[in-house]
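Notes to accompany the following structure.
The values are calculated or read from the model by the stated rules, or taken from the named source; none is laboratory data. Note that the coordinates shown come from a computational prediction; the quantities given were computed from them, not determined experimentally. As a convention, Cβ positions derive from the backbone with ideal geometry for all residues, glycine included, and neighbour counts pool all protein chains shown. Heavy atoms of the whole protein, side chains included, go into the accessibility calculation; ligands, DNA and RNA do not. Shrake-Rupley method; radii C 1.70, N 1.55, O 1.52, S 1.80 Å.
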Amino acid sequence: MWTEPEVNFTGKYYKIEGGLNFPKLIQKLHPPILIGGGDEKFTLRVVAMHADKWNYGWGLENYKRKSSILRNYLR
């Protein structure tokens with residue numbers, strides 16, 4: 001309903017025929033995803049794959065190192 005002019009859907013509990021949604025979204029198909037954390041093996045990989053923004057706040061030197069690791073995951 002966010003992108004199509006009219007939607008039809010049949011699920012287990014609900015059915016929609018000719019569903020309309022106006023006005024359409026101005027932003028992307030989802031709100032921005034913000035992930036906070038600094039685990040280098042898991043969190044930064046998830047940030048690289050899914051996040052629009054990243055929050056980390058444990059000192060400048062650590063931030064520089066974590067940012068470098070994140071940039072590698074993004075590549």
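Using all pairs of distinct alpha-carbon atoms, the Kirkwood hydrodynamic radius of the chain works out to 15.4 angstrom.
Could you give the angle, 0 to 90 degrees to the nearest 10, between helix 60-74's Cα long axis and the longest principal axis of the Cα atoms of the chain? Relative to the chain, helix 60-74 is tipped by roughly 50 degrees.
Average accessible surface for the stretch 5-55: 84 Å² per residue, computed with a 1.4 Å probe over protein heavy atoms with every protein chain in place.
Loop-located chymotrypsin sites (Phe, Trp or Tyr not before Pro) in the chain (DSSP state not H, G, I, E or B) with no more than 11 neighbouring Cβ atoms inside 10 Å: TRP2, TYR13, TYR14, PHE42, TRP58.
Taking GLY57, GLY18, GLY38 as the candidate residues, the one with maximal mean-square fluctuation in a Gaussian network model of the chain, Cα springs under 10 Å, is GLY18. Please identify which residues in the stretch 25-63 have an amide N closer than 14 Å to a label point set 7 Å out from the Cα of TRP2, following the Cα→Cβ vector. Answer for the stretch 25-63: 25-34, 51-52.
So, counting K/R as plus one and D/E as minus one, what does the shell of residues with Cβ under 15 Å around GLU40 add up to?
Details: positive: LYS41, ARG45, LYS64, ARG65, LYS66, ARG71; negative: ASP39, GLU61.
Result for the local shell: +4.
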